[in-house]
Amino acid sequence: MSAEVMGKASRRLRATFALASVAFVAVLAVSPVKDYFREWKQYEKEYVRFAQTRPDTKHLLSDFHLGIDQIWLPDMNVVDRCTTCHQGITEVSLRGPSVSQPFRAHPLIPHGVKDWGCVICHRGQGPATEVAEAHETTLAWEQPLLRGSYIQASCGVCHREDIPETPKLNRGRRLLSELNCIGCHRMEGIERPAMLGPDLGSVGNKVSRAWLYKWLKEPHTVVDKDGNTVVNGYETGVEPRMPQFRLSEQEIVWLSAYLATLRRQPVETYNFDARVVAAMKNKPDLADQGEVRFRQMFCTTCHSLAVTRAGETRLIGGDIGPELTKVGSKVNGEWLVAWLHNPQGYLSHALMPRYQWSDADLYEVSQYMLTRLTDPDLLKDVPPLKDPDAGDMRRGQQQFLEKGCGSCHQVQAVSPQKDFGPDLSNIGGKNVSQLEFGNSRIPRSLVSYIRAKITEPLSVNTAARMPQYHLNPGDLDAITTALLSMTGSPSSRGLERLIIPQRHADFHPAGAFGKIYERYKCYVCHRFSGYGGTLAPDLSFEGSRAQRRWMIDFLKSPQTLRPTLTFRMPQFNMTNEEASIAADYLVMVTQSPSVDLNAVDTKQLTPEKAALGKQLYEVKYQCHSCHTIGASGGYVGPNLSNAGNWLNAAWIEEWLKNPQALVPGCIEPRRAFTQDEIDALTAYLSTLRMSNTPQETAAGGAR
C-alpha cells in the first residue's frame, strides 16, 4: 500500500477516533453529572442555604460536612445513612412545625439519634441515599418507613412491658387481651389466661336452648320490646369478648342443639330456710327490697346494666363480670341461686367472690334478678326448635370444632384448640410478598393488610374463619400498632440484648389470709406487689397507710371514700374473724420501706399544731378545693372526715413530703411544705375522727 493510500486511511481512522473520543468523554461525563445531581447532595446544599437564613448559622454549620453521614451499629447489623439528608435532626433550635422536613429536629426522646440512628425505630432502608429507596417499598426492599401514627410499635419491639410514653401501644395490647385474640392466635407478649370464655361443660343447666340460639345469632345486642337495638356491642365502648361469627341459620340450630345437651354436672340446689321463704315470698315489695340490696352491695362495680336516661340507653357499670340487664330471661332460677351462693361450685376458677349471704339477702336479690332484670320478648323471634336428635348434636359438635369455639371455651371430651388461627408473633416483621391480599383493592402494605384483616377479613381471604370486628378508629389504630410491634425473634445478638422482658408478678399468700384472699377474689380489683387488677386502690403498702381498727370496720361495711367514683367496693358481709385476719395480714406484710410507723411521736401532735394545720389547710393551701371534711369541700380527692381513724400519722407525713414516691402517678400536687407545716397538717388531719369507732374483735386482738 502506498504512503498516499495509508495517509488517506489514517485520516479516516483519525476521524473515527475523534468521534469515539468525544462519545467516550460524554459517557464519562454522565457519572459526575449524575453524581452532582444526587438527591442527598441537593438536600445538603439546601441545608446550607437554609442554615444561612437562620440567626444561629454559625452553630448550625459548625458540625456540617459534605458527604454521606453514616451510623454503623455492628452488634445490631444496622447501617443508617438517614442523617445525610436529615442534617438538623439533633439541633434544638430546629424543633417544631415551623421548620419543614427534612431539616426539622427530632422531638426529645430517651434515645440519642447519633447513638441509635433512625431505622431502629422508623424502619425503612438505612443504607439508601434516595428518598424512594429509603422510605418506600421497592423491588429490592419490602420494609417501608413506619409512619408517625404507628411509631410506638417500634418501642414495643424492645419494651415488652407497658411504658408511659406509649399509650397507643399499651391500649392495643390491652385490647388484644380483652378481645381474646390469644384464643386463636399465638401472639408475642400476650399471655393466655386460665379462662378466656365461659366453661360450657354444663351450660345446658344454666340457660335454655332458645337463649343459646339468640346469643349465637346476636351476641352483642340489647334490644327493646319492639326489637329495636338500643345497645349495640362496641358502639357503647364496651365490646363484648364474644365476637359475632358468620353463622348460617342451620349452623346456629346445630350448635344450639349440641350446647343445650351439655350437662357435665348437676346444679347444686341451695335450700333456703323455709321460715325465711314463708315470711318473704308474699311481700309485695320483695323485688324492690332485692333491688335495694343489689345496689347496696355495689354489684354494678363488676356488672353492667342497660339504663335509659333522657331517651338514651347505655350500659352503666363494670365489665369484670357479664352484663345483667336481662339475666332473669337468660338463666335458670335454680342455677342462679346456686351460683350466687357459691360460684366456684359451678366453675372452680370463677372470678366472682363468694359472698357471706344471709338467706334473706340471697332470696331478695335472686328474686329481684329473676323478676325485674327480664325481657319477656327477648326470645320472641327465636323460631320453634324441635328436640335435638343425635344427628343435630353430632353436627353441632362438628361446628363447635370447625368454628374454633374450643379455642376459648372448655367442653368435656373436646381438646382445647390452640393456634387455631395464624401465628401472629412475627406479623410486624412480615414482608409484603409474604401477605395474602387476594382480590382486595387495598394498598399493598403491611399496615393496610392488618387493618383490612381486622375490619373486613373476607376482603383479603374469602375463606377466612375470623369474625368481623367493628372498632372505632382510635382502637383500630391501637391494635394495628400492637401487632406491628410483634416482629418475632431478634435478628442479631445486639438487638436481643436490648429487649426488656415483661415482668411476671405473682402474689398468692398462704394460710388463713390466703383463703380469704381467694374467697373474695381481692386480686381481681386490687393490686398486690405488682399482681392483680387496677380497678381499685393498690394495696401493696396498705399496712403503712391505714390503721388496723379502721381496716376491720371498712372490710365489714365498706364506706365511700371518693363520692364521685362509679365503682365502689362491694359489701361482702365479712365476719369479724375474717376482717381481723385480713387486717392483721395487711398490717404485717404490706409495708412501704419509705414509711416508718414509729417515726412520728403522736404526743408531739399538739392542739396548737393542729390549730395551725387547720389554718394551713383552709386558708394558705385551700385543700378543701379537692377534699371533703364533713359536708363541705371538693370531690377530687378522698374524703378526709375520718382521716384520724383511717390514716397512720407517719403515712400522712411522708405523703405530704412526696405523694408520688408512695403512689406513682397520683394527681395530688407535690407542694414545697416546710417541716413545720408538715407537722402542723399531720396534727390537724389526725384530729379528724368520726364518731362511729370500729369495734375490736377478740380474734384480732389489740395492736
Positive-end residue of L340, V365, T301, charge dipole of segment 203-371 with Cβ unit charges: L340
Two-decimal Rg/Rh across segment 386-451, once Rg and the Kirkwood Rh are taken from alpha-carbon atoms: 1.19
Dipole axis of the chain (+1 Lys, Arg; -1 Asp, Glu on Cβ), positive-most option in A452, T487, Q434: Q434
Which of A661, Q356, L612, positive extreme of dipole for the chain (C-beta unit charges): A661
Over segment 582-688 - Rg/Rh using Cα atoms and the Kirkwood inverse-distance radius: 0.95
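Beta carbons within 10 angstrom, averaged per residue: use that to sort the peptides 72-83, 538-549, 603-614, highest first.
The densest-packed peptide leads the list: 538-549, 72-83, 603-614.
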Charge dipole (debye, nearest 20) of the chain; +1 at Cβ of Lys and Arg, -1 at Cβ of Asp and Glu: 1380 debye
Cα pair distances in the chain, grouped into 10 Å bins until the bin that holds the longest one, percent each: 2, 11, 17, 18, 18, 15, 9, 4, 2, 1, 1, 1, 0, 0, 0
Of all accessible heavy-atom area on the chain, the percent that carbon and sulfur account for (1.4 Å): 55 percent
Net +/- balance of residues flanking Y150 in space, Cβ distance below 12 Å, scoring K and R +1, D and E -1: +3
Taking the convex hull of Cα positions in segment 512-686, its mean projected area over all directions (nm²): 10.1 nm²
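Stick to Cα atoms and the Kirkwood definition of Rh, then tell me Rg/Rh for segment 39-145. Walk me through the numbers on the way to the answer.
Working: Rg = 13.9 Å, Rh = 14.4 Å.
When Rh is taken as the Kirkwood radius, the ratio is 0.96.
Take peptides 633-639, 503-509, 325-331 and line them up by average Cβ neighbours within 10 Å, highest first, as a rough protection proxy.
325-331, 633-639, 503-509
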Among the listed pairs K214/K386; K217/K326; K521/K556; K281/K380; K418/K453; K217/K386, those beyond 24 Å (Cα-Cα): K281/K380
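So what is the orientation-averaged projected area of segment 203-371, using the convex hull of its C-alpha atoms, in nm²? Kindly include the intermediate steps, with their values, before the conclusion.
Values: hull surface 45.0 nm².
For the Cα atoms of segment 203-371, the hull's average projected area reads 11.2 nm².
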Percent RCO, i.e. relative contact order, over the chain, from Cα pairs under 8 Å lying at least 6 residues apart: 12 percent
Heavy-atom accessible area ranking, 1.4 Å probe, most first, across D477, D377: D377, D477
Partner lysines for K45 [C-alpha distance under 23 Å; skip if fewer than 8 residues away on the same chain]: K34, K58, K114
Low-density loop positions, trypsin sites (Lys or Arg not before Pro), segment 387-453 - DSSP coil, at most 13 other Cβ in 10 Å: K418, R441, R444
Relative contact order (%) - criterion: Cα under 8 Å, at least six apart; region: segment 203-371: 27 percent
Reciprocal of mean inverse Cα separation for segment 114-163 (Kirkwood radius, Å): 11.7 Å
Part-to-part distance (alpha-carbon centres) for segment 98-154 and segment 173-192, which is given in Å: 29 Å
Per residue accessible area in Å² of the chain, where ligands, DNA and RNA are left out and the probe is 1.4 Å: 54 Å²
Anchor K206: aspartates and glutamates whose Cα lies under 19 Å away (excluding residues fewer than 8 positions away in-chain): E218, E268, E323, E334, D375, D387
P(r) of segment 566-638 over all Cα-Cα pairs, binned every 5 Å from zero, in whole percent: 3, 10, 11, 12, 15, 20, 18, 9, 1
Highest-first arrangement of 279-285, 654-660, 478-484, 98-104, where packing means the average Cβ count within 10 Å: 478-484, 654-660, 98-104, 279-285
Extension gain, K45 back to Q604 (0.36 nm per residue minus Cα-Cα distance, nm): 193.9 nm
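The values are calculated or read from the model by the stated rules, or taken from the named source; none is laboratory data. No experiment lies behind these values; they were computed from the predicted model shown. Positions of Cβ are generated from backbone atoms using ideal geometry, with glycine treated the same way; all protein chains shown enter the neighbour counts. Protein only, heavy atoms only, side chains kept; ligands, DNA and RNA dropped before computing areas. Shrake-Rupley method; radii C 1.70, N 1.55, O 1.52, S 1.80 Å.
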